[in-house]
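Below: the structure, in structure tokens.
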Amino acid sequence: MHPNPVFHSQDHAKDIAFARARGFGTLALSTDGAPHLAHMPFLLAEDGGHADLHLVRSNPIARALRSPQTARLAVTGPDSYVSPDWYGAPDQVPTWNYVAVHLTGTLEALPADQMRAMLDRQSADFEARLLPKRPWTTDKMTPEVLDRLMRAIVPCRLTVTEIAATWKLNQNKPDAARLAAADGVEEAEFGSEAAALAALMRAPPDL
């Protein structure tokens, strides 16, 4: 998280809603040497209490789950470079604005027989966002093929014990400078989802 507390969120209901809406993040687990990372979809409970996800059985994180492990799931949102020229004020420096939510807790492998139900819940959540498309379901698959795929992946649950979030949107600048920077971000489109970030900069959420 960014060291400046002005960007730190205390409104975890907002952070949970953001992470649920994104549905994709980077899972990190430290063992020996550099941390293992896995980029994956997940389904976060409405109260933020746990995130369900699955790993390919050969993934180093899956292999480390012979016992529960402390892990962190990083969920990132829109981001963009901010030029100091956009503030309309002297003696400014470049920065990068972004939104990120970190979910930390205990990661454990679940029984293999829970994989089908987890996949059904995940796909139902994601497919519902594609309406009016008729949702895909596992029932469309050949049972033998589905069974083979289910054996290749491991259902996991991250029980969340800590939520930390950064909403870095130039809240530390005067309103006029922040709004001018938002215009620059939207026009330059340098980053990811620059228009969405500019909208957040124009109306930063209460933290």
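The values are calculated or read from the model by the stated rules, or taken from the named source; none is laboratory data. Note that the coordinates shown come from a computational prediction; the quantities given were computed from them, not determined experimentally. We place every Cβ from the backbone using ideal geometry, glycine too, and count neighbours over all the protein chains shown.
Per-structure values
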item	result
Test: residue in the stretch 126-139 that is aromatic (Phe, Trp, Tyr), over 28 Å from GLU46 (Cβ atoms), surrounded by fewer than 14 Cβ atoms within 10 Å (Cβ to Cβ) and in contact with an Asp or Glu (Cβ under 9 Å, 6 or more places away or on another chain)	no
Checklist (1) over 30 Å from ASP183 (Cβ atoms); (2) in contact with a strand residue (DSSP E or B) (Cβ under 7 Å, 6 or more places away or on another chain); (3) among the β-branched types (Val, Ile, Thr) applied to VAL82, failing item	(1)
The stretch 71-118 - residue that is among the charged types (D, E, K, R) and within 16 Å of the chain's Cα centre (by Cα) and, of those, nearest to ARG148 (Cα to Cα)	ARG72
Subset of the stretch 74-107 that is among the β-branched types (Val, Ile, Thr) and surrounded by fewer than 21 Cβ atoms within 10 Å (Cβ to Cβ) - its residue that is farthest from VAL160 (Cα to Cα)	VAL93
Total residues in the stretch 153-196, condition of a type in the set (D, E, K, R) and buried (at least 18 other Cβ atoms within 10 Å of the Cβ)	4
Single match in VAL154, VAL185, VAL160 (criterion: at pLDDT 95 or above and assigned to a helix (DSSP H, G or I))	VAL185
Failed condition for GLN10, given (1) of a type outside the set (Phe, Trp, Tyr); (2) at pLDDT below 95; (3) more than 29 Å from ALA195 (Cβ to Cβ)	(3)
Residue satisfying condition, being of a type in the set (A, V, I, L, M, F, W, C) and touching a Cys at 6+ places or on another chain (Cβ under 8 Å), within set LEU130, LEU107, LEU158, LEU146	LEU107
Failed criterion for THR138 (all others in (1) over 19 Å from the mean Cα position of the chain (by Cα); (2) under 30 Å from GLY33 (Cβ atoms) hold)	(2)
Test result for ALA19, within 20 Å of CYS156 (Cβ to Cβ), out of contact with any Cys (no Cβ under 7 Å at 6 or more places or on another chain), touching a residue at least 40 places away in the same chain (Cβ under 8 Å) and not polar (S, T, N, Q)	yes
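Every residue, every condition in (1) aliphatic (A, V, I, L, M); (2) under 30 Å from GLN171 (Cβ atoms), yes or no:
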| residue | (1), (2) |
| --- | --- |
| MET1 | yes, yes |
| VAL6 | yes, yes |
| ASP15 | no, yes |
| ASP32 | no, no |
| HIS36 | no, no |
| ASN59 | no, no |
| PRO68 | no, no |
| THR76 | no, yes |
